[in-house]
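Novice: The structure that follows is given in the form of structure tokens.
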Amino acid sequence: MIPGSFEYHRPSSLADAVGLLSSLGDDALLVAGGHSLIPMMKFRMAVPEHLVDLQDVKSLKSISLDSGQISLGAMVTQAEIILSDELHVACPILREVSYQIADPQIRNLGTIGGNVANGDPGNDMPAIMQVLDATYILTGPDGEREIAAREFYESAFFTARQDNEILTTIRFAAPAAGHGSSYVKQKRKIGDYATAAAAVIVTMSGDTCASASIGLTNVADTPLWAENAASLLVGSSLDGETIKAAADAAKAITDPADDGRGPKDYRTHIAGIMVQRAIANAVDRAK
Amino acid sequence: MNDQTPISREERIEKLQGLGSSRKRVEDARFTQGAGNYVDDIKLPGMLFGDFVRSPYGHARIKSIKTEAALAVPGVLAVITAEDLKPLNLHYMPTLAGDVQAVLADEKVLFQGQEVAFVVATDRYAAADGVELVEVDYEGLPVINDAFKAMDDNAPLLREDIKDKMEGAHGPRKHHNHIFSWEEGDKKGTEKALADADVVVEELITYQRVHPCPLETCGCVASMDKINGKLTLWGTFQAPHAVRTVASLITNIAEHNIRVISPDIGGGFGNKVGVYPGYICAAVASIVTGKPVKWVEDRIENLSATAFARDYHMTGKIAATKDGKITGLSAHVLADHGAFDACADPTKFPAGFFSIVTGSYDIPVAYCGVDGVYTNKAPGGVAYRCSFRVTEAAYLIERMIDILARKLDMDPAEIRLKNFIKKEQFPYNSALGWEYDSGDYHTAMDKALASVDYNALRAEQEENRAAFDRGETRNLMGIGVAFFTEIVGAGPVKNCDILGLGMFDSCEIRIHPTGSAIARLGTISQGQGHATTFAQIVASEIGIPAEDITLEEGDTDTAPYGLGTYGSRSTPVAGAATAMAGRKIRAKAQMIAAYLLEVHEGDLEWDVDRFQVKGNPEAHKTMKEIAFASYNQAIPGLEPGLEAVSYYDPPNMTYPFGAYIGVVDIDVDTGVVDVRSFYALDDCGTRINPMIIEGQVHGGLTESLAIVMGQDISYDETGNIKGATLMDYFLPTAVETPNWETDFTTTPSPHHPIGAKGVGESPNVGGVPALSNAVHDAFAHKGLTHTQMPHDHWRIWKTAQKLGLTD
Ligand SMILES: Cc1cc2nc3c(=O)[nH]c(=O)nc-3n(C[C@H](O)[C@H](O)[C@H](O)COP(=O)(O)OP(=O)(O)OC[C@H]3O[C@@H](n4cnc5c(N)ncnc54)[C@H](O)[C@@H]3O)c2cc1C
């Protein structure tokens, strides 16, 4: 549990950080909160020769809400997300999910950027970004580009980000006023990744579901956007049978690993239960 | 000069903070301020670090070890392998169970994580880099990960080193992977009872392999002073004196030239009883380099290489009449000891005190047998917060009783009340040979049932079950009842020893001239609060306030010899020695007081903190005054000074007991168990410090929750250990821990000087069956007889699925 040796760099601007990444090449890794990366280094599963720390890049720390658009700087911590009342009013699922990530010490350091850029299917934020249809903004030596969160994840720890790019901002439209949302996560204990978890956002028109979006965590090698499952809900009165059908559709796209959290069939089953419970909560909360 | 402060007798008692006082823990000031002094806090000039190259395989032959690349790392000074230890005859070390264990793998590895080479470097980082670069060439061998297959005809030979030694430490071995057979009781009589019974229940009950997982892992600092020839060893040792003797025997360094110091220890729970390769390698490295060498394992190493607990496959059979009176009990255990037999039990008890398996019940005839086998798993088999194999025994009997109750359609509480040993039967001789010193089980159980309003709970459960069947809820309620009897305080030297070292314990008390004192014991606290509680025993015995008494343990150069702290033995054995040493002091004090008061000794009586003349309490001498006189006044016929030492060989074990009742709500769709409430009544005899007892019970119950709901050290078919990190190995946090409600009855031990019995381990012993019974109870009406622990989410869901309760 002792990492290999590395050089430590602490740039104070985005340009310097990008420059360092380019000049140091493959042997350099970004470090944000360090709470995914450092454990990997201690296992020597990651053996970077250079660490480029983003802590001093102040421009990555802002939270902004502007005419229905929410932008989160990559270095905003999970704790800061919890603390922001403004965010909570506009998009309550962010606080709800943050509270279910790790423990307070980890949330004080762990960042939203690190959480979504990491590419670990166990991270909770990426499923939220699926349901919110977020856009990730990356900056590399050739400037900025945008990519949809729904396009970003390729397989476990592989993403569309190039090694020399920095994820700077996560942007999405605040969910419609009156929406209901919920993130339901089953885990073995505090600090554990999900056995299965589901994120749901719905809007209602009277007793009918007007729109729905469903995301899943840790039941495949990437976060999942359960498009078919959500479409079954739209236009329905969200009766038991429809919710069950949506859960089944969500289960159909999962492919969880067999691990200490349980065998595949169990984790698939739990994904369905999480979807049902998250739908029920979201509908309750919708106006 | 009389002490003139006019305080009442009650005030004087209170000032002592003796027996029964919930005195605050004196240890906490340093622990809560981060000022403890643990092994890893020890930093000596020029200190080197050692780190292990460990086997990635469960079973493999070592074809070669190349160390050149590692030695080229700046800072790496040496790489030690078995070949280097052979000339010193240190490549194997004796285990506490009479076997030997490889210090560094000798030609082959037998479990994943086994120590293969020891890299010594100037710092931790260089050592770890060196470990990465040692190249070991392995050739894989077939693995045994299932104890039931260890003695198959074609099972691979694991222990080549002892393949011709078919006479083991505990008698003949019947297979090359067999360690011992051990039996107790009346086999024929038990078979007859089973054959003649109205009903017989039989079940295979496995207590899975778990790990004590103290927050502080194991480690040591070895420092050889080449000038005076003294080896000092600081380490996480639950038995420092025994470590010194064993170290002397295996290294041939004279015992007076070895000093073993246990500094603050961050939890032991049995994990720190054994001797580990790291200690030997650090000592050898220090002897060779002449510099201090530190070795501290990390979490993965702790969970995968230093002593595990349990791994018992127990087949129980109970014979009973149709109205639920038990007529016989048989238990057979297949014990998985891993690659080396490194169990920590009194030497004559290869299965510990498993024969306490008749539990709290008056069972006329019983038999138990245990077979130990080798597998490709880590060695160990320690008493994880329980007296030796007692929690296994308690789990078996308490599950079996529930299974019997279910079969007879009786209530689990009722069947227990029906079979309890009665108060008037104590001292009670069990069918398996123990003499239970005292008990009052009916009173304890009745109090527990009334406290939780058991009948109301059962009525609520009836309603819950009906609602579940109507589809109105997906939760099932379970009520777990367990009643345990512990056997602690090992133990009488006539039958309890570890490698020939008798299991007495000791205390030395020295009173200072101004009336304060220091007491030293042969035990060592790992969080139990000895400095607090043992001072209370001294306070009550000799009338000096607990806060004026320093308590020291763990330094073999200063403390009297003792066998250490595990198996809930400190209070029963060292606590008794403490009281006895106090009484010796009081006896001398009485002579001094008689001289000072110019009366006959027989005319004096002891009162709280003083001797007073019978019938004339105004004429008295306080202990403080006596202390001063003992040093400074020439008293005819008496040596100056006031000190005493006592070595206590207990006449019997003590038998704490308790009634535990837990209530759970199980979400059948997810398998998540919510412990709604848990009530623990403990009877540990005389209560020294109620607050510390409560703390011990809270901690032990939390560990029992961990074991029942998740802890599991398992291996896959190729010998890989699964989940040896705290991500997978379940240590509950405050969030997962329910509210523990504690209660007590008091049945003093008749043979212990202050009537105390020990409590630290009771909650683990009783908590496991209570919680497991609660889970089983939730499904019992749907036909569940037994399912193995841990009762984690997915396993519970699978149980529900098998019972047809899921969709
Ligand atoms: C005990 C424990 C429990 C945990 N439980 C959970 C949990 O339940 N749910 C959960 O979601 N997470 C959990 N985590 C992970 C935690 O939330 C991490 O903080 C988070 O995953 C990563 O954020 P970070 O800022 O710490 O990133 P780091 O660890 O610093 O980095 C993670 C990866 O992302 C890269 N990276 C970081 N920032 C950027 C950026 N701006 N641009 C491009 N690449 C970047 C790094 O190079 C690295 O590869 C847990 C962690 C621990 C230690």
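Novice: What does the net charge come to around B:F49 if you take all other residues with beta carbon closer than 9 Å to its beta carbon, with K and R at +1 and D and E at -1?
Specialist: 0
Novice: When the Karplus curve 6.51 cos²θ - 1.76 cosθ + 1.60 is applied with θ = phi - 60°, which whole-Hz ³J(HN,Hα) does each residue of the stretch B:39-44 get, with x for Gly and Pro?
Specialist: Karplus-based 3J(HN,Hα) across the stretch B:39-44 equals 3, 6, 7, 7, 10, 10 Hz.
Novice: Find, among the trypsin sites (Lys or Arg not before Pro) in the stretch B:212-244, those assigned to loop by DSSP (not H, G, I, E, B) with at most 15 other beta-carbon atoms within 10 angstrom.
Specialist: Numbers: sites: B:K226, B:K230, B:R244; in loops: B:K226.
Filter output for the stretch B:212-244: B:K226.
Novice: Can I ask one more? Taking the Cβ-Cβ separation of A:A177 and A:L83 as r and a Förster radius of 22 Å, what is the calculated FRET efficiency to the nearest 0.05? Spell out each step's value before the answer.
Specialist: Values: r = 23 Å, r/R0 = 1.03.
Plugging the Cβ-Cβ distance into 1/(1 + (r/R0)^6) gives 0.45.
Novice: Hey, what's the per residue convex hull volume over the C-alpha atoms of the stretch B:664-807, in cubic angstrom?
Specialist: On the way: hull volume 22.2 nm³, N = 144.
Roughly 154 Å³ of hull volume per residue.
Novice: Additional query: Between rounded, prolate and oblate, where does chain B land on the alpha carbon gyration tensor, with a ≥ b ≥ c its root eigenvalues, rounded for a/c under 1.5, else prolate if a/b exceeds b/c? Write out the running numbers ahead of the final one.
Specialist: Working: a/c = 1.81, a/b = 1.09, b/c = 1.66.
Here chain B falls in the oblate category.
Novice: Please list the non-local residues whose amide H lies under 5 Å from the amide H of B:K722, H modeled 1.01 Å from N, same-chain partners needing a gap of 5 or more.
Specialist: Sorted by chain and number, the residues that satisfy this are B:S714, B:Y715, B:D716.
Novice: Right, something else. Other chains' Cβ within 10 Å of A:2-11 residues: what's the mean?
Specialist: Numbers: counts 12, 2, 4, 4, 0, 0, 0, 0, 0, 0.
That average works out to 2.
Novice: With unit charges on the beta carbons (Lys and Arg positive, Asp and Glu negative) and the dipole taken about the Cα centre of the stretch A:20-165, which residue among A:L138, A:Y99, A:I63 sits farthest to the positive side?
Specialist: Looking along the dipole axis, the top candidate is A:Y99.
Novice: For each pair in B:K325/B:K802; A:K189/B:K802; B:K407/B:K802, compute the distance between the two Cα atoms and list the pairs where it is over 30 Å. Display every interim value, and only then the final one.
Specialist: Details: B:K325/B:K802 32 Å; A:K189/B:K802 25 Å; B:K407/B:K802 20 Å.
From B:K325/B:K802; A:K189/B:K802; B:K407/B:K802, over 30 Å: B:K325/B:K802.
Novice: State the extension gain, in nm to one decimal, for the chain segment bounded by B:E639 and B:L726, taking 0.36 nm per residue of separation less the distance between their alpha-carbons. Can you show the working numbers first?
Specialist: Numbers: separation 87, 0.36 × 87 = 31.32 nm, distance 5.79 nm.
Length gained, B:E639 through B:L726: 25.5 nm.
Novice: Also, quick follow-up: Go through B:M166, B:M653 and list them by solvent-accessible area, largest first, probe radius 1.4 Å.
Specialist: Working: B:M166 70, B:M653 5 Å².
Result, largest first: B:M166, B:M653.
Novice: Something else now. As a check on your grasp of the helix formula, calculate [θ] at 222 nm for chain B: sum -39500 (n - 2.57) over DSSP H runs of n ≥ 4, divide by the residue count, round to the nearest 500. Walk me through the intermediate numbers first.
Specialist: Details: 19 runs with 222 residues, N = 807.
After summing the helix terms and dividing by residue count, I get -8500 deg cm²/dmol.
Novice: Quick one: which residues, 5+ away or cross-chain, put their amide H under 5 Å from the amide H of B:Y57? H built at 1.01 Å from N.
Specialist: B:G113
Novice: Under a point spin-label approximation (7 Å from Cα along Cα-to-Cβ), what is the A:V47-A:A15 distance to one decimal in nm?
Specialist: Here the modelled spin labels are 3.7 nm apart.
Novice: Here is a further query. Need the full-extension length gain, A:S237 to A:E146, defined as separation in residues times 0.36 nm minus the C-alpha distance. One decimal, nm. Mind showing how you got there, number by number?
Specialist: Numbers: separation 91, 0.36 × 91 = 32.76 nm, distance 3.65 nm.
Roughly 29.1 nm would be gained on extension.
Novice: Here is a further query. Let me check against my output: what whole-number percent is the relative contact order of chain B, with C-alpha pairs under 8 Å and at least 6 apart?
Specialist: 16 percent
Novice: Also, quick follow-up: Leaving out ligands and nucleic acids, and using a 1.4 Å probe, what accessible area per residue does the stretch A:36-143 come to in Å²?
Specialist: Working: 4100 Å² over 108 residues.
For the stretch A:36-143, the solvent-accessible area averages 38 Å² per residue.
Novice: Under a crude label model (7 Å from the Cα following the beta-carbon direction), how far is A:A160 from B:R470 in nanometres?
Specialist: Taking the simple label geometry, A:A160 and B:R470 are separated by 5.4 nm.
Novice: Also, quick follow-up: On the full set of protein chains, 1.4 Å probe, figure out the accessible area of B:S540 and give it in Å² to the nearest 10.
Specialist: Roll a 1.4 Å probe over it and B:S540 shows about 40 Å².
Novice: Rounded to the nearest 0.05, what FRET efficiency do B:H442 and B:S22 give with R0 = 25 Å and r taken as the Cβ-Cβ distance? Could you check?
Specialist: Working: r = 28 Å, r/R0 = 1.13.
Taking R0 as 25 Å, the efficiency between B:H442 and B:S22 is 0.30.
Novice: Report D for the stretch B:510-637 in µm² per second (integer): Stokes-Einstein, Kirkwood Rh on Cα pairs, 25 °C, 0.890 mPa s. Write down the numbers at each step before the final one.
Specialist: Details: Rh = 15.4 Å.
The Stokes-Einstein estimate is 160 µm²/s.
Novice: Measure off 7 Å from each Cα along the Cα-to-Cβ vector at B:K423 and B:S64, then give the distance between these two points in nanometres to one decimal.
Specialist: 7.7 nm
Novice: Show the residues, 5+ positions off or on another chain, whose built amide H is closer than 5 Å to the amide H of A:L30.
Specialist: Answer set, sorted by chain and number: A:V52.
Novice: Separate question: How large is ³J(HN,Hα) for each residue in the stretch A:172-184, as worked out from phi by the Karplus curve 6.51 cos²θ - 1.76 cosθ + 1.60 (θ = phi - 60°), to whole Hz, x for Gly and Pro?
Specialist: So the J values, rounded to whole Hz, are 7, 7, 4, x, 4, 4, x, 5, x, 9, 6, 10, 10.
Novice: Normalised by the number of residues in the stretch A:7-53, what is the relative contact order in percent for Cα pairs under 8 Å and 6+ residues apart?
Specialist: Reported relative contact order: 56 percent.
Novice: Tell me, what is the percent relative contact order of chain A, built from C-alpha pairs under 8 Å that lie six or more residues apart? Working shown, then result.
Specialist: Details: 648 pairs, mean separation 44.4, N = 287.
Over chain A, the number comes to 15 percent.
Novice: Counting only the heavy atoms of the protein chains, how much of B:H313 is accessible to a 1.4 Å probe, in Å² to the nearest 10?
Specialist: Using a 1.4 Å probe on the heavy atoms, I get roughly 30 Å².
Novice: Could you pull out every one of the lysines with an alpha carbon less than 23 Å from that of B:K757, ignoring same-chain neighbours closer than 8 positions?
Specialist: Straight-distance partners of B:K757: B:K24, B:K272, B:K348, B:K422, B:K423, B:K447, B:K494, B:K584.
Novice: What is the extension gain from B:R510 to B:T122, computed as 0.36 nm multiplied by their sequence separation minus the C-alpha to C-alpha distance, in nm to one decimal? Let's see the in-between values first.
Specialist: On the way: separation 388, 0.36 × 388 = 139.68 nm, distance 4.26 nm.
Full extension from B:R510 to B:T122 adds 135.4 nm.
Novice: Using θ = phi - 60° and the Karplus form 6.51 cos²θ - 1.76 cosθ + 1.60, what ³J(HN,Hα) does each residue of the stretch A:15-22 get, whole Hz, x for Gly and Pro?
Specialist: Values per residue, Gly and Pro as x: 4, 5, 4, 4, x, 4, 4, 5 Hz.
Novice: If I ignore ligands, DNA and RNA and count only protein heavy atoms, how much of B:M591 is accessible to a 1.4 Å probe, in Å² to the nearest 10?
Specialist: So the heavy atoms of B:M591 present about 80 Å² to solvent.
Novice: Continuing with this model, one more query. Could you tell me the calculated FRET efficiency between B:S8 and B:V493, based on Cβ-Cβ distance and R0 = 56 angstrom, to the nearest 0.05? Walk me through the numbers before you get to the answer.
Specialist: Values: r = 44 Å, r/R0 = 0.79.
Once rounded, the FRET efficiency stands at 0.80.
The values are calculated or read from the model by the stated rules, or taken from the named source; none is laboratory data. Computed from a prediction, not measured in an experiment: that's the story for all the values here. All Cβ positions, glycine included, derive from the backbone under ideal geometry; neighbour counts span all protein chains shown. Please note that ligands, DNA and RNA were not included when accessible areas were found on the heavy atoms of the full protein model with its side chains. Shrake-Rupley method; radii C 1.70, N 1.55, O 1.52, S 1.80 Å.
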